[in-house]
Amino acid sequence: MLSHSSLGPAHLILHKAQKQVAALLNLLGDWAAFIGAVLILGLVSSWYMIDSGTLLTTEREGPWVSWTSAGRADADPYTRAHFARLGSLQITTEIARSYVAYSDSDGGKLHSSCDYVVEGGEPGTSWWSVTVFDDKGELIANPIDRYTFTSQSIAIRPDGTFAVALSREARPGNWLPTGGAGRLALVFTTLDARAPLLTAQEDKENTLPGIRLVKCR
Amino acid sequence: MPIKLSDKLKNANWQLIIAAPVAAGILHICATFAAPYLTGASAYSRLAPALPLNKMEVLRPIKPGKEPIPFLSPDARYAMCKFDTSHGPVNVAAMLPPDAGWTLTVHSQQGDNLYAAVSTPGRITPVSLVLVASDDRFLGVTPEARGIARGKQPPVPVSATRGIVVVRGPDNGFAYQGRVLAGLKEARCSGRTF
């Protein structure tokens, strides 16, 4: 083994430089990991909370999601960012609620290649509507120009319940065509000036309709 | 020789490890607050170019490919007014018919719903607003201060510099389309000087 004394000054300088480069690379590695972790944790968590919401900002009932402070001047920053990013105008949740579903009651993604039935009891609100969009919020073109049913245009069953068929082929009763849309989004809007909506748990169960998968092609 | 876990922990840069969640938290807050201002396609920026200033306009029925903004439901017909109060207050008036589902809402540029009125079945709901710039609440001398009895309900002041007023007439079926359109055409939006 060679002692230090047997090495020339050039080797010593090289050895020192190697150590300095290794230390620098370690430091750069630490900072790269730090910046990566900060970007992933900071931006991804922000994006997730703006895009999907959490229990703090949304109410979930089966497949339906509603942002609890939508449209309000005192809305939390996640709700404000969500709707700014979406580019939609929301009526304050003091008088209206919008529930959006991207999946059926069993958790499967809504898709135009499948048939669904949306059924429930008539909500105890003044006015409501159910509208089908594609997942980008655009209407689905169809020859009969039908995209929505409201509490005043829907055919209600004798027992006070209703059913809306989502299908690309014509169905008897309340039919919303979905042909060629791909992924679907269903929006259920309720409007009531008299009282805050869905305050009681038992009301909630009666109000929001279920989305049942009938068949897929 | 493999490096032991204890050696790894000893050599770890604990200052950076502790600083990472703090910095991520700061970035999370900044990104969340900045998001509404960074989006290039807010509802206001999509609607404003097609709307006249301080004038109510009834929109055409919402059709596929012609939706002014995403998730705007064709469950209603809409009349909209782009307002700007920086040169003077803007008067807004509408008579919401005695049917369920009519609304008049005032939205800021950021999409906040600053004011909302909803119709009541069985009686007409008159809505009269004066939109004033956020930093200017003075609306002039009231009739009462000048010794004149006011003949009707005073307008409600709403503070907003720019935004959109939306009057929404619900789709009650084909037979009611003319009535809904007439209700929307009655809505008024006009600028005035101080």
### Query
So which of B:PRO70, B:PRO61 is closer than 30 Å to A:THR148 by Cα, touching a helix residue (DSSP H, G or I) at 6+ places or on another chain (Cβ under 7 Å) and without any contact (Cβ under 8 Å) to a residue 40 or more places away in the chain?
B:PRO70
### Task
Go through the stretch A:86-104 residue by residue and tally those that are surrounded by 18 or more Cβ atoms within 10 Å (Cβ to Cβ) and over 21 Å from A:GLY179 (Cα atoms).
13
### Query
Regarding A:ALA73, is this residue among the small types (Gly, Ala, Ser), more than 25 Å from B:ILE62 (Cβ to Cβ) and within 12 Å of chain B (Cβ to nearest Cβ)?
yes
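In the stretch B:73-107, what residues are out of contact with any helix residue (DSSP H, G or I) (no Cβ under 9 Å at 6 or more places or on another chain) and either without any contact (Cβ under 8 Å) to a residue 24 or more places away in the chain or within 7 Å of another protein chain (Cβ to nearest Cβ) (or both)?
Taking the stretch B:73-107 first, the residues out of contact with any helix residue (DSSP H, G or I) (no Cβ under 9 Å at 6 or more places or on another chain) are B:73-75, B:81, B:83-93, B:98, B:100-101, B:103-106.
If the condition is that a residue be out of contact with any helix residue (DSSP H, G or I) (no Cβ under 9 Å at 6 or more places or on another chain) and either without any contact (Cβ under 8 Å) to a residue 24 or more places away in the chain or within 7 Å of another protein chain (Cβ to nearest Cβ) (or both), then B:SER73, B:PRO74, B:ASP75, B:ALA100, B:GLY101, B:THR103, B:THR105 are the ones that fit.
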### Query
Across the stretch B:9-59, which residue is surrounded by the fewest Cβ atoms within 10 Å (Cβ to Cβ) among those that are among the aromatic types (Phe, Trp, Tyr) and under 30 Å from B:CYS189 (Cα atoms)?
B:TYR37
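Listed here are the residues, each with its yes/no results for (1) under 24 Å from A:HIS82 (Cβ atoms); (2) touching a strand residue (DSSP E or B) at 6+ places or on another chain (Cβ under 9 Å); (3) at the interface with chain B (Cβ under 8 Å from one of its Cβ atoms).
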{"residue": "A:LEU110", "(1), (2), (3)": "yes, yes, no"}
{"residue": "A:GLU122", "(1), (2), (3)": "no, yes, no"}
{"residue": "A:SER129", "(1), (2), (3)": "yes, yes, yes"}
{"residue": "A:ASP134", "(1), (2), (3)": "yes, yes, no"}
{"residue": "A:THR148", "(1), (2), (3)": "yes, yes, yes"}
{"residue": "A:SER153", "(1), (2), (3)": "no, yes, yes"}
{"residue": "A:ALA163", "(1), (2), (3)": "no, yes, no"}
{"residue": "A:GLU169", "(1), (2), (3)": "no, yes, no"}
### Query
Quick one: which of B:ILE148, B:ILE124 is at pLDDT 85 or above and not aromatic (Phe, Trp, Tyr)?
B:ILE124
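Table: residues versus (1) within 13 Å of chain B (Cβ to nearest Cβ); (2) closer than 20 Å to A:VAL117 by Cβ; (3) modelled with pLDDT of 90 or more.
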residue	(1), (2), (3)
A:LEU166	no, yes, yes
A:GLY179	yes, yes, no
A:LEU186	yes, yes, yes
A:ALA193	yes, no, no
A:THR199	no, no, no
### Message
What's the total number of residues in the stretch A:42-69 that are within 17 Å of B:PHE71 (Cα to Cα) and assigned to a loop (DSSP other than H, G, I, E, B)?
### Response
1
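The values are calculated or read from the model by the stated rules, or taken from the named source; none is laboratory data. Small disclaimer: the values here were computed from a predicted structure and weren't measured. A quick note on method: Cβ atoms are made from the backbone with ideal geometry, for glycine too, and the neighbour counts reach across all protein chains shown.
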